[in-house]
Amino acid sequence: MPTQEQVQDALREVIDPAFGKDIVSLGLVQALKIADGRVALDLQIVRSSADANNNLKQQVERALKGVAGVEAVEVRLTPHARSAGTGSGQGELPGVANVIPIASGKGGVGKSTVSANLAVALAQTGARVGLLDADVYGPSIPMIMGATEAPQRGGRGIMPVICHGVKIISTGFFTKPDQAVVWRGPMLSKMLTDLARQVEWGELDYLLVDLPPGTGDVQLTLCQQVALTGAVIVTTPQPVAAAIAEKSIIMFEQLKTPILGIIENMAYFESRKTGERELIFGAGGAATLAHKWKTPLLAQIPLATTVRETSDGGTPIVLADPDAPAAKAFVEAAAKLVVEVAMKNANAEKPVEINF
Amino acid sequence: MPKPIRINRHGAHDIAIEWDNGQTVAYPARFVRLNCPCAQCEDEVTGKRIVQDSMLPILTYPTKIEHVGRYAIQIFWSDSHSTGLFTWEKLWELADKIDDWKGSIKLPKHSLQ
Ligand SMILES: Nc1ncnc2c1ncn2[C@@H]1O[C@H](COP(=O)(O)OP(=O)(O)OP(=O)(O)O)[C@@H](O)[C@H]1O
Ligand SMILES: [Mg+2]
Ligand SMILES: [Zn+2]
């Protein structure tokens, strides 16, 4: 019978070309079982391309069959993510494997646009995705995702509205315009956490949370009360924006929430005629930040009129114009995010055991 | 900084924390209660301790310990106090102060007479 080590070693020979790393280090191997000469595992897919996924699957099968003593191999492709589980269940939303806040220091950098496109790109891989619009001051997810109906009451709580395969809940569904302004910090914070818990999310691989900009009470409370896998920071290339984004990073550091990566939005403008890239907002802000905080730069999203137009129209660009450079950049960011989450959860420290 | 692996009961009421650097530290319950970092027990501005030994019942011990995210525990005390969050940092820092505290314990006056 092949040993665990032999099998692991063989799997480490399979490199995902898009990441230049082996599938074990990337955290993509799940539920590995070795019984007699049979090896079975689930291989987590990070992109929707069937060709690329099947290619990787075949490589895994070949690698395993090369191990002495292996007689049968069963590789299943799965779009589902490992859970970040705290072990104790404390702060977890039942059924939700990973809660990922999308944060920015400054307003208007494209946090909602990024959240919506990431959510859609993740859902395209077959993952079960939710999107919580927690921006009480300016909820825009219903518009970007084209939500037309209000959420219904379910058996135990609120049923999310499903748009483009993503389960959506927005504070905008429940507040009248201007109402948020009247509410004060603690009330808002409580409402949000309650809301997150009252939604019947069902089984989710990822719940993205579009946070309000900044590092106020609302952000802090939500992040303290809900167990998070890690945060994504959105910024624009200006050094000033990056400096403010850094405040968000520091907030998450203090909450011991890992940063999964940085997305630089409106990174450049590509001339349609010449294909030349114009750096309207300067360059390097996000890369410097990523380097300083040892976190990946998940993507650089170009500035493009179609990004705004598709959002305004209720169909994010990832769906509306999948061949556009911005759409491809969002898909790339989603794939990298999947890997960051997979790596993190695969290596997750065991939760502290309390016997008291 | 090491991280805790396991938090166990030590003796009747004390707390034993097993750290991932191989060390196990036994924290006297009263010592931990006296070092509660919440706003009622510590002046947020000056950092001065507010809770004093004399304010606590003779027997003060944890009744329950719970996780707070991945970075802290919340201890529910027999004196009904539970507002303090003990982060891993705080607990690790406290490990070094246990011996001093034990050395400083004075026997109640009546027992000296
Ligand atoms: N890459 C892009 N190219 C062109 N327009 C964009 C891009 N990203 C976002 N926008 C547009 O910029 C505006 C602000 O984006 P968005 O609402 O996503 O930002 P935000 O950070 O969520 O803002 P707020 O702080 O108000 O919540 C929107 O009109 C949006 O369509
Ligand atoms: Mg927004
Ligand atoms: Zn206290």
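Cβ separations smaller than 6 Å between residues 6+ apart or across chains give the following pairs from segment B:29-48 residues that are under 23 Å from B:ILE105 (Cβ atoms) and assigned to a loop (DSSP other than H, G, I, E, B) to residues that are more than 13 Å from ligand 3 (Cβ to nearest atom) and open to solvent by less than 30 Å² (accessible area, probe 1.4 Å): B:ASN35/B:LEU94.
For beta carbons closer than 6 Å, sequence separation of 6+ or different chains, a first residue in segment B:4-15 that is at the interface with another protein chain (Cβ under 10 Å from one of its Cβ atoms) and closer than 10 Å to B:PRO62 by Cα and a second that is open to solvent by less than 70 Å² (accessible area, probe 1.4 Å) and in a strand (DSSP E or B), the qualifying pairs are B:ILE15/B:TYR27. When restricted to residues that are in contact (Cβ under 8 Å) with a residue 12 or more places away in the chain, open to solvent by 40 Å² or more (accessible area, probe 1.4 Å) and either hydroxyl-bearing (Ser, Thr, Tyr) or assigned to a loop (DSSP other than H, G, I, E, B) (or both), segment A:297-319 contains 3. Taking (1) open to solvent by less than 30 Å² (accessible area, probe 1.4 Å); (2) within 23 Å of A:ALA119 (Cβ to Cβ) in turn, A:PRO322 satisfies each apart from (1). Taking the condition among the aliphatic types (A, V, I, L, M) and in a helix (DSSP H, G or I), does A:VAL234 pass? For A:VAL234, the condition - among the aliphatic types (A, V, I, L, M) and in a helix (DSSP H, G or I) - is not met. Condition check: more than 27 Å from A:ALA18 (Cβ to Cβ) and assigned to a helix (DSSP H, G or I). Does A:GLU332 satisfy that? Answer is no for this residue. Restricting segment A:115-139 to residues that are open to solvent by less than 30 Å² (accessible area, probe 1.4 Å) and near ligand 2 (Cβ under 9 Å from one of its atoms), which is farthest from the chain's Cα centre (by Cα)? It comes out as A:ASP135. If you filter segment B:78-96 down to residues that are within 14 Å of ligand 3 (Cβ to nearest atom) and part of a helix (DSSP H, G or I), you find that the one that is least open to solvent (accessible area, probe 1.4 Å) is B:LEU94. Would you point out the residue of segment B:59-77, among those that are at pLDDT 90 or above and open to solvent by 60 Å² or more (accessible area, probe 1.4 Å), that is nearest to the other protein chains (Cβ to nearest Cβ)? For segment B:59-77, the residue satisfying everything is B:LYS64. Filtering segment A:268-290 to residues that are out of contact with any strand residue (DSSP E or B) (no Cβ under 7 Å at 6 or more places or on another chain) and not in a loop (DSSP other than H, G, I, E, B) leaves only A:THR288. The number of residues in segment B:1-30 that are within 16 Å of ligand 3 (Cβ to nearest atom) and either small (Gly, Ala, Ser) or surrounded by fewer than 18 Cβ atoms within 10 Å (Cβ to Cβ) (or both) comes to 1.
Checked against the criteria, B:ALA39 counts as open to solvent by 20 Å² or more (accessible area, probe 1.4 Å) and over 12 Å from the mean Cα position of the chain (by Cα). Within segment A:227-248, the residues that satisfy the criterion of being open to solvent by 10 Å² or more (accessible area, probe 1.4 Å) and within 14 Å of chain B (Cβ to nearest Cβ) are A:ALA227, A:LEU228. Exactly one residue out of A:SER48, A:SER25 is closer than 24 Å to A:THR125 by Cα and open to solvent by less than 60 Å² (accessible area, probe 1.4 Å), and it is A:SER25. A:LEU43 satisfies every condition listed in (1) over 20 Å from the mean Cα position of the chain (by Cα); (2) in a strand (DSSP E or B) except (1).
In segment B:56-66, the condition of being among the β-branched types (Val, Ile, Thr), more than 16 Å from ligand 2 (Cβ to nearest atom) and assigned to a loop (DSSP other than H, G, I, E, B) is met by at least one residue.
The values are calculated or read from the model by the stated rules, or taken from the named source; none is laboratory data. Quick caveat, the model's predicted, so the values are computed rather than measured. Neighbour counts are summed over all protein chains in view; Cβ atoms, including those assigned to glycine, are modelled from backbone coordinates with ideal geometry. Heads up: the accessible areas ignore ligands, DNA and RNA and are worked out on the full protein's heavy atoms, side chains in. Shrake-Rupley method; radii C 1.70, N 1.55, O 1.52, S 1.80 Å.
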